[in-house]
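Structure, as structure tokens:
Any read-out appearing in this document is the output of simple, stated calculations on the displayed coordinates, not a laboratory observation. These figures come from a predicted structure and were not determined experimentally. Cβ coordinates were reconstructed from backbone atoms using ideal geometry, including for glycine residues, and neighbour counts include every protein chain displayed.
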Amino acid sequence: MPRVLVLMSETGGGHRASAEALQAAFAERYGPALQVQIVDPWSDHTPWPIHHLPRIYGPMVHYTPWLWKALWILGERNWIARPVLALMGLLTQRSLLRLYQAQAPDLVICVHPLVQHPALRALRRYDPRVPFLTVVTDLASVSATWFHAGVTCCLVPSVEAREKALALGLGPDQVALVGLPVRPAFARPLPDKARLRAERGLAPDRDTVLLMGGGEGVGPLAAIATALAERLSRDGRSAQMVVICGRNRRLRRRLLERAWPLPVHVLGFVEEMPGWMAAADVIVTKAGPGTIAEALICGLPLVLFSYIPGQEEGNVAYVTAQGVGVYLPEPEEVAAQVSHWLGPGRAQREAMAARARALGRPQATFQIVEQAANLLSSIPVSP
């Protein structure tokens, strides 16, 4: 049985979500014909102190975003990034070789830029015949560290990413434009909004606003939720809100304790995101690439309220340039825009929704696993 090893790192929730989306798509498309294992080599298979590096990401982005942006900019300079990554490869080579010897992969897929270089170096020492596939999981602000000319294939989500890959030395035959890996459920038709709302305890006939801040529930969600509820109520909109707090339990408790002027449903971490998105009319969120990709598939106009400096800045420009959303950092601005879209600006919202659906790539995850399977010997597809 062919073995596929998917490499990721616990820096934010997006990389794990991408890896799990690929694992689920492999299972759905190929069933027991192959084995797919997700591994975090930084946290679980590298020596001290390297295995602590993923834990630094969250606090750095939250408390010192200027420092993260500085590091991101340095990563764009090959004369700095390449020696650092080469050093990381030397320091982790023995641990990664042991990982490959234990897993005996027939194909390695990487969904994290900083994992890619050391993992590829070690794989070439383990067995240079094993294909190495990079799946870029950033949308528009794509770091130069994503691209290595030694990979078998690099799958990218946007034209901008493909152009950057080619400029950094990858050949046209190495790069393919497919989209971002999202949960396989986004590739399937969903029931109409009224039915989806009723199944989730929502009013079927009310316009629905989805507010979220990623898996960790980051950003000024409480202030935005308060401003939204007050403005929609004051403007007389027939609306309801769904606030997804992710793993932020403190935020969820705070919001559950409040009295709201309109129906507000407060949730924690949600696994079944396709249904909640498809039940909504508008999404208010941070500029995470996975969330944007999923919202486009569902035809949701986006209000972006924050972004990670460097890493997600291009996502804001992408959304606004494509005419599928706006960037508004202040809660009162968010509230005014959403109220406009649910009132006199409804035609504008519907036009944005149509453009979003046209940009969405619901089959991207299955296209990725099919290209990955092509790098292996023939695998029968599950019926």
Amide H contacts under 5 Å for Leu177, placed H, 5+ residues apart:
Val156
Within region 112-158, DSSP-loop trypsin sites (Lys or Arg not before Pro) with at most 11 other C-beta atoms within 10 Å are Arg129
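Would you kindly work out the equivalent ellipsoid of region 326-377 from its C-alpha gyration tensor and give its semi-axes, the square roots of five times the eigenvalues, largest first in whole Å? Please report the intermediate quantities before stating the final value.
Working: eigenvalues 297, 39, 7 Å².
Each semi-axis is the square root of five times an eigenvalue, giving 39, 14, 6 Å.
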For Ile38, Ile368, ascending order of other Cβ atoms within 10 Å (fewest first) is Ile38, Ile368
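With both partners inside the chain, how many of the DSSP beta bridges are antiparallel, as a percent to the nearest 5?
Given both bridge residues lie in the chain, the antiparallel proportion sits at roughly 0 percent.
Summing -39500 (n - 2.57) over the DSSP H runs of n ≥ 4 in the chain and dividing by its residue number, what mean residue ellipticity at 222 nm do you reach, to the nearest 500 deg cm²/dmol?
Working: 16 runs with 181 residues, N = 383.
When only DSSP H runs of four or more count, the value is -14500 deg cm²/dmol.
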Once each part is reduced to its C-alpha centroid, what is the distance from region 197-264 to region 93-123 in angstrom?
42
Can you pull a Stokes-Einstein diffusion coefficient for region 11-102 at 10 °C (1.306 mPa s), Rh from Kirkwood over Cα pairs, as a whole number of µm²/s?
102
Once both labels are modelled 7 Å past Cα along the beta-carbon direction, what's the Arg55-Leu190 spacing in nm?
3.7
Which of Thr365, Thr64, Thr291 comes first, and how do the rest follow, when ranked by fewest Cβ neighbours within 10 Å?
Thr64, Thr291, Thr365
Per residue, how big is the convex hull of region 186-359 when only Cα atoms are used? Give it in Å³.
104
Two-site FRET efficiency, Asp44 against Arg357, from Cβ-Cβ distance with R₀ of 41 Å, rounded to 0.05:
0.55
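At 10 °C and a viscosity of 1.306 mPa s, what translational diffusion coefficient does Stokes-Einstein give for region 1-159, taking Rh as the Kirkwood radius over Cα pairs? Give it in µm²/s as a whole number.
Working: Rh = 16.2 Å.
Approximately 98 µm²/s, per Stokes-Einstein.
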Checking a compactness column here: for the chain, what do you get for Rg(Cα) / (2.2 N^0.38 Å), N being the number of residues?
1.01
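How much length, in nm to one decimal, is gained on full extension between Ile80 and Ala102, taken as 0.36 nm per residue of separation minus their Cα-Cα distance?
On the way: separation 22, 0.36 × 22 = 7.92 nm, distance 3.27 nm.
Additional length available on full extension: 4.7 nm.
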According to a simple spin-label model (label point 7 Å from Cα along Cα-to-Cβ), what is the distance in nm between Gln348 and Arg249?
4.2
